[in-house]
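The values are calculated or read from the model by the stated rules, or taken from the named source; none is laboratory data. Source: prediction; values computed, not measured. No Cβ is skipped: glycine too gets one built from the backbone with ideal geometry, and neighbour counts run over all protein chains shown. Keep in mind that these areas ignore ligands, DNA and RNA; they rest on the heavy atoms of the full protein, side chains included. Shrake-Rupley method; radii C 1.70, N 1.55, O 1.52, S 1.80 Å.
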Amino acid sequence: MPMADIEISAEELQRKLAAGEKVYLVDVRAGWEHDRARIADGPIVPIQELPQRLAELAPPEGAELVCYCHHGMRSRQAASFLRQAGFPQARSLAGGIDRWSLAVDPRVPRY
């Protein structure tokens, strides 16, 4: 997957989830941020812990790994790191959970 495709829009992610496609969501925010707002259950691996916790990531075969954070900055860094670490399908939710709340699910709190 070319680096240009590192981001996925909130709308595209929602379509994939609604269609039942395999998506492995990784929250790269701090635990307290996850407690305030989340898209779905999945691993919480704060970006600063990512290098030490790679072994915890176990996306199902054929699943697209999508990182997310608050506004998309940390998740883009995480996806780039994960691609270099052996997860070539890693992507970042463009605009983060904030964009998800605005475009897809207003029940998810903005903070």
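Restricting attention to the stretch 1-19, report how many residues are of a type outside the set (Asp, Glu) and open to solvent by less than 60 Å² (accessible area, probe 1.4 Å). Number satisfying all stated conditions: 6. Scanning the stretch 20-57 for residues that are open to solvent by 70 Å² or more (accessible area, probe 1.4 Å) and assigned to a loop (DSSP other than H, G, I, E, B) yields Glu21, Lys22, Arg38, Asp41. Beta carbons closer than 7 Å, at least 6 apart along the sequence or on distinct chains, pair a first residue in the stretch 1-22 that is within 16 Å of Tyr68 (Cβ to Cβ) and hydroxyl-bearing (Ser, Thr, Tyr) with a second that is at pLDDT 95 or above and open to solvent by less than 70 Å² (accessible area, probe 1.4 Å) for Ser9/Ala94. Residues of the stretch 39-84 being closer than 19 Å to Arg110 by Cβ and among the aromatic types (Phe, Trp, Tyr), which ones? Correct list: Tyr68 only.
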